[in-house]
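Quick notes on the structure that follows.
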Amino acid sequence: MPRRLPPLTALPAFEAAARHLSFSKAAGELNVTHGAVSRAIRNIEDRLGIQLFDRGTRSVRLTSVGAAYASEVRTALDQIAAATIAATPDRTAGILNVSTSDGFAGRWLVPRLHRFHRANADIDVRLSTSGVLSDFVSDGIDIAIRYGKGGYTGVTAEFLADEEVFPVCSPELLQGEHPLRQPGDLRHHKLIHDAFRIDWATWLQQAGVDGIDPKRGVRFDSATFAVEAAVHGEGVLLG
């Protein structure tokens, strides 16, 4: 007798949305659009004839049947991922899958990989960049390096190092019409934001600076692009 199954390609979108209680966060994790996640979930609901989420104006929550279904789907996806890993031992032996942000990868990790390869010639590194913490099982990740406070759910986190953070900009901007001599001088300049470091609100508060809107300026979801913008005089970045 044929199995009654939902669209299998839609299940990861549903599981991620159920875990985050956010279609937007699920889209970010899966590197797809908000609309793609919404359509995938609607496809499952239409196919099964059930409602998985109660949709509000700015939030979603699981229905009782949705919560029960999410738990079973998560278990099934974990089992499929584990079975896939177990079935392909030769392909994963000697491979280290690393996930981190593009900025950390490009400016710190990649320039130092040759040292690791010299000491571990039998291990091939597979590096992927993402702005969110990966699902270690479904994404096949061995190690993730992230900027943050730790305390991540479902993983073992080990502190690596402190980081000194301060404003950086191009030399032309530093010596321009409004020179940067003290923190308060930032009020004359555009702030550059990226998604992976300490935010301007925290830094300005620690520096004792008032009267500057910490949210103004240009925002990038890539640390690499944020650095390039600062190099070309687009504003001041925390680096």
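General observations
- Among residues of segment 106-133, those that are crowded, with 16+ Cβ neighbours inside 10 Å and at pLDDT 90 or above, counted: 2
- Restricting segment 212-227 to residues that are part of a loop (DSSP other than H, G, I, E, B) and at pLDDT below 90 leaves a set whose member that is nearest to Asp102 (Cα to Cα) is Ser222.
- Among the numbered conditions (1) more than 23 Å from Asp102 (Cα to Cα); (2) out of contact with any His (no Cβ under 8 Å at 6 or more places or on another chain); (3) part of a loop (DSSP other than H, G, I, E, B), the only one that Ile198 does not meet is (1).
- Scanning segment 12-41 for residues that are closer than 13 Å to Gly66 by Cβ and either assigned to a loop (DSSP other than H, G, I, E, B) or over 20 Å from the mean Cα position of the chain (by Cα) (or both) yields Leu21, Ile41.
- Hey, Phe159 more than 27 Å from Leu238 (Cβ to Cβ) and outside the structural domain of Ile80 (by TED's automatic domain parsing) or not: no
- Single unsatisfied condition, Val231 versus (1) touching a residue at least 40 places away in the same chain (Cβ under 8 Å); (2) in contact with a strand residue (DSSP E or B) (Cβ under 7 Å, 6 or more places away or on another chain); (3) surrounded by fewer than 17 Cβ atoms within 10 Å (Cβ to Cβ): (2)
- From Thr84, Thr75, Thr57, residue being under 26 Å from the mean Cα position of the chain (by Cα) and either basic (Lys, Arg) or not in a helix (DSSP H, G or I) (or both): Thr57
- Residue in segment 143-178 that is surrounded by the most Cβ atoms within 10 Å (Cβ to Cβ), counting only those that are hydrophobic (A, V, I, L, M, F, W, C), closer than 23 Å to Leu127 by Cα and touching a residue at least 40 places away in the same chain (Cβ under 8 Å): Ala144
The values are calculated or read from the model by the stated rules, or taken from the named source; none is laboratory data. Just so it is clear, the model here is predicted, and its values are computed rather than measured. Every residue, glycine as well, gets a Cβ built from its backbone with ideal geometry; the counts of neighbours run over all protein chains shown.
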